[in-house]
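Before any comments, here is the structure.
The values are calculated or read from the model by the stated rules, or taken from the named source; none is laboratory data. Every value quoted in this text rests on a predicted model; they were computed, and no experiment measured them. Quick reminder, even Gly has a Cβ in these numbers, built from the backbone with ideal geometry, and neighbours come from all protein chains shown. The protein model used for the area step is the full one, side chains on, heavy atoms only, and it has no ligands, DNA or RNA in it. Shrake-Rupley method; radii C 1.70, N 1.55, O 1.52, S 1.80 Å.
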Amino acid sequence: MRLWALRGLRSRRDLTGFPRRIDLAPGMTPGRPLDGPAAAAAACPTGALQVEGSASRVALDRCVHCQRCRHGEHAMRWRADIAWSHGDGTPLPRAFHHSIHVRVLDAGDCGACLAELQQLPAPQYSLHRLGIFITPSPRDADVLLVVGPVTRAMRQPLLDTYAAMPAPKRVVAVGACAASGGVFGPSFACAGGVAEVLPVDRTVPGCPPPPLAVLEALLAVMGRSLPRDGEPAP
Amino acid sequence: MTLPELLQALECDPALGAGATAGSVLALPLPATRLPHAAHVLARAPTRLAGIVCEQQDGRFALRYPFWLGAGLPWLELVTEVGAGETVPSISPRLFAADWHEREIEDLFGLTFSNHPFLGNFVLHDEIWPEQAYPMRHDFRAQDADAAPSPYQPRAMLHAEGAFLMPLGPVYGGVNEAGQFLLDTLGEDIQHCQTRLFYKYRGIEKRAEGMAAADALLLVERMNGTNAFAHALAAVQAMERAAACEVPPRAQVLRSFWAELERLRSHAATIAGLCKSTALAVPTSLAYQRVEELLRLCGAHAGHRYLFGLLSPGGLAQDLPDAAARTLATAAQAVAARLADLAEELLFDNSFIDRLEEVGLIDAKTARRYGLVGPVGRAAGHAGDLRIDQPYAAYAQCAPRPAAAEEGDNLARLRVFLAEAAESARLLPLLAAQLPAGTARGVFTPRAAAALGWSEAPAGASACFVRLRADGRIARLRLMPPAFTNWHAFHLAAEHFAYQDFPIILASFGLAMAEQDR
Ligand code: SF4
Ligand code: SF4
């Protein structure tokens, strides 16, 4: 038997300062397009860039981080920060302020959104210190985190999982696919986003959203106010 | 076996092979009736089936069966054609690796393979899709999918006193991909495992049709976002071959560079997943910490943690300055060294080793019969690596040293993943040191043509067939990823082991369902 506990204590933690402060260490986030010339919109593959007068506006829910509007002569201005979540849903009642149980459902993601969720327990983010737990049973779940564009085969399991959760409950759509269908769009095989199937309380843009953006969305659902560097533009 | 001998055995003119070298594709047109014989010959030669490409051409269907041969030899592609309503002779009885490919074509194109052991209810689950909907046909309309489906009941394979069928998934307790395993058990041991996939079928190949090449590339990246670069590399190379487009040397070296960095991160994540499956909390944390470090290195230098948007037809969408490449290589090597330290400690932990050793067995015969690829194949004595056998990008001048094991158990797979991660870390500075000067952006002038592209993805050989229309848009995109090859045999590793071993065996395969389902 090895003394793994000791080994754990000896190792560096690199824990983020979030949520006390916004942490933007290099590589934590891909950043986001901010504003730019109207000509930038032509190359956008998903219609996330929309022309408004002489400028391009960004609908972040549809941005798939293809980086096309980052380079070249019609480049947009990018900012190395995080596109935070947004949504009209009210937070959970006060009893959930310090702890929630989350059910994760894959509705056809590409693997990168789930991979970012898998990073949440890593020492850099340490999800559990915030009182957030991934639960094995929908009966114990307060929040349903959904990734992916909702494929035909996952539509019913998604509805069943939601139905099995006790009230009060909230739904968080994570990533461009869950928000808008992303590159997969609405099609014969995909619903084109969670909102096509279930009421969504919060949406986290990004392809994939960086782990901090998911943490922020969960804290918002818990009713904990956070430092936010610039409001999102959905 | 030499190429002329092989051609002779295939009853083709041996002179056909003159001048065919590694990296070229030798097409062998033949009538469909000769397919089973050709498959019989190729199954006994050192060749590997990459997949089957089906294309609808008006009322007819063209079928291609690309096989890759060993180092120095070209690809062989059996090419045949059938009319609508004609059956295709199945090659699965002679070459079992073709089994799932034939089932997939049957489901999506409505072609019938005569003499195939089991067909139906594969990609399009019976309880969701109507019988007569064939999405890959040109006349398919979205509303065809809305007709009434048929009922489905999971079928128990084991009929014995006290036996029960345990479905696992498609929704799980943790953070897992959607897929289902139907486990027949008598209590402790899994007697029979059925892998039911395609819950994540997003219809990528269909959606790509009519798209601009560069847009289709975004879809390929998101077939498996955790191995985006490798698969997009196979696709972009197919586009470039079709368009006879020269890729600048700098882009070629950078492509290998990013591909090795992705392999390192992907293997690190597989190793982290394996730690997690054994419920060792500290090693799990330490391994995911390494993964995060690699993700941040990618994010900082490529603008994206999963390397999305880097490739573009003709080259790379963005350059990486020489100095940045060297810094990145050194930093990635440091992370790899910390991962190796952790592995060293793990391999001395008996309680960990006990869960891996002689568990999840795949023997060499199975690996060969299923044509297993990547670390899963190499850990079961089945060599083969496209970087070595059919070099692309910069691998001809910077070849990896192959990793291999014979045991085919969880531990052998872990060792191969570790060795390959270390090898990628070794290649990074070598590649960074030989970056040629010049541009990394290429010029891509599409034309109406088709070609095959390939790469060695983290999970194994990935092939992609692209047909471009005259306007440069996609007429057909066929993705043949390694997960599709390897999931085929996964159930065999799970059978006859205890139920609690299942998550560990699953993790040791390191396979993405998203990649398989497409
Ligand atoms: S990065 Fe986003 S906004 Fe920019 S072109 Fe790509 S999808 Fe459009
Ligand atoms: S949003 Fe992007 S990263 Fe997330 S599942 Fe969709 S394609 Fe993958």
Between B:ALA403, A:ALA55, B:GLY85, whose Cα lies farthest towards the positive end of the dipole of the protein assembly as shown when Lys and Arg beta carbons carry +1 and Asp and Glu beta carbons carry -1, centred on the Cα centre? A:ALA55
Work out how far the C-alpha atoms of the protein assembly as shown reach from end to end along every principal axis, then list the three figures in whole Å, largest first. 77, 71, 56
Can you pull the one-decimal nm distance between simple spin-label points at A:ALA167 and B:GLN143, each 7 Å off the Cα toward Cβ? 3.7
Compute the separation of the alpha-carbon centres of segment B:101-162 and segment B:336-394 and state it in Å as a whole number. 33
Quick one: putting +1 on the C-beta of Lys and Arg, -1 on the C-beta of Asp and Glu, what dipole do you get for chain B around its Cα centre, in Debye to the nearest 20? 1420
Within segment B:271-301, what residues put their amide N at less than 20 Å from the label point 7 Å along the Cα-to-Cβ vector of B:ALA334? B:286-301
Return the sequence-ordered ³J(HN,Hα) values of segment A:65-70 in whole Hz as given by the Karplus equation 6.51 cos²θ - 1.76 cosθ + 1.60 applied to θ = phi - 60°, using x for Gly and Pro. 6, 6, 6, 5, 8, 9
Size of electric dipole in segment A:32-79: Cβ of Lys, Arg +1 and of Asp, Glu -1, about Cα centre, debye, nearest 20: 180
If r is the Cβ-Cβ distance from B:LYS365 to A:ALA43 and R0 is 41 Å, what FRET efficiency results, to the nearest 0.05? 0.20
Expected unfolding gain across B:GLU161-B:GLU357 under the 0.36 nm per residue rule, minus the alpha-carbon gap, is 67.5 nm
Sum -39500 (n - 2.57) across every DSSP H segment of at least 4 residues in chain A, then divide by the residue count to get the 222 nm mean residue ellipticity, nearest 500. -5500 deg cm²/dmol
Per 10 Å bin, what percent of the C-alpha pairs of segment A:94-222 does each bin hold, from zero upward? 14, 48, 32, 5, 0
Between B:GLU131 and B:ALA244, what is the label-to-label distance in nm when each label sits 7 Å out along the Cα-to-Cβ direction? 4.9
Counting DSSP beta bridges in the protein assembly as shown, what percent are antiparallel, to the nearest 5? 70
Of the DSSP H helices in chain B, those whose Cα atoms cover at least 18 Å axially and whose Kyte score averages -1.0 or more: B:228-242, B:249-277, B:281-302, B:322-346, B:410-433, B:482-494
Mean separation of Cα contacts under 8 Å (6+ apart) over length of segment B:3-140, as relative contact order %: 20
Put +1 on the Cβ of each Lys and Arg and -1 on the Cβ of each Asp and Glu in chain A; which of A:GLN119, A:CYS66, A:TYR162 then has its Cα farthest toward the positive end of the dipole? A:GLN119
For segment B:1-96, the per residue accessible area (1.4 Å probe, Å²) is 40
Can you find, among B:GLN56, A:ILE132, B:LEU186, the residue farthest towards the positive end of the dipole of the protein assembly as shown? Put +1 on the C-beta of Lys and Arg, -1 on that of Asp and Glu. A:ILE132
Could you list the residues of segment B:75-92 with an amide nitrogen less than 12 Å from a label point located 7 Å from the Cα of B:LEU16 in the Cα-to-C-beta direction? B:76-80
Distant-in-sequence amide H partners of B:ALA457 (H built 1.01 Å from N, under 5 Å): B:SER462
Could you tell me the accessible area of A:ARG12 in Å² (1.4 Å probe, neighbours in place), rounded to the nearest ten? 150
Got a number for carbon plus sulfur as a percent of segment B:3-140's accessible area, 1.4 Å probe? 51
Do you know the relative contact order of chain B, to the nearest whole percent, from alpha carbon pairs under 8 angstrom that are 6+ apart? 18
Which aspartates and glutamates does A:LYS169 reach when only Cα atoms under 19 Å apart count, and residues fewer than 8 places away in its own chain are ignored? A:ASP88, A:ASP106, A:ASP140, A:ASP142, A:ASP160, A:GLU196, A:ASP201, A:GLU216
What does a probe at B:GLN397 reach in segment B:247-285, counting residues whose amide N is under 18 Å from the point 7 Å along Cα→Cβ? B:247-260
Going by accessible area, probe 1.4 Å, with all protein chains left in place, what is the ranking of B:LYS365, B:LYS200, largest first? B:LYS365, B:LYS200
Asserting the computed 222 nm helical MRE of chain B (DSSP H runs at least 4 long, -39500 (n - 2.57) per run, divided by residue count, to nearest 500) equals -12500 deg cm²/dmol
Taking segment A:38-153, how much of its Cα-Cα pair set, in percent, is spaced more than 23 angstrom apart? 49
May I ask for the accessible area buried between chains B and A, both sides summed, probe 1.4 Å, to the nearest 100 Å²? 5200
Quick one: Karplus J couplings for segment A:30-37, per residue in order, coefficients 6.51, -1.76, 1.60, θ = phi - 60°, nearest Hz, x for Gly and Pro? x, x, 7, x, 10, 8, x, x
Of B:SER462, B:SER150, which has the most accessible area and how do the rest follow, probe 1.4 Å? B:SER150, B:SER462
Under a plain spin-label model, where a point goes 7 Å from the Cα along Cα-to-Cβ, how far apart in nm are B:HIS37 and A:ARG129? 7.1
Taking every pair of distinct Cα atoms and averaging 1/r, then inverting, what Kirkwood hydrodynamic radius in Å comes out for segment B:403-490? 16.6
Over its Cα atoms, what ratio of radius of gyration to 2.2 N^0.38 Å does segment B:212-293 give? 1.39
Where only C-alpha atoms are counted, convex hull volume of segment B:3-140 per residue in Å³: 109
Length-normalised contact order for segment A:94-222 - Cα pairs under 8 Å, 6+ apart - percent: 28
When the dipole is taken about the Cα centre of segment B:3-140, and only Lys, Arg (+1) and Asp, Glu (-1) are charged at their Cβ, what size is it in debye, to the nearest 20? 520
Ordered by number, the residues of segment B:166-211 with at least 40 Å² less accessible area in the assembly than alone (1.4 Å probe) are B:VAL171, B:GLY173, B:VAL175, B:TYR199, B:LYS200, B:ARG202, B:ARG207
Considering only protein heavy atoms, what per residue accessible area in square angstrom results for segment A:94-222 with a 1.4 angstrom probe? 26
Round to a whole number: what % of the accessible area of segment B:211-480 belongs to carbon and sulfur, probe 1.4 Å? 54
Degrees, to the nearest 10: A:211-221 long Cα axis against longest axis of chain A: 70
Span from the segment B:451-491 Cα centroid across to the segment B:245-319 one, whole angstrom: 20
Give the average over all directions of the projected area of the C-alpha convex hull of segment B:165-210, one decimal, in nm². 4.2
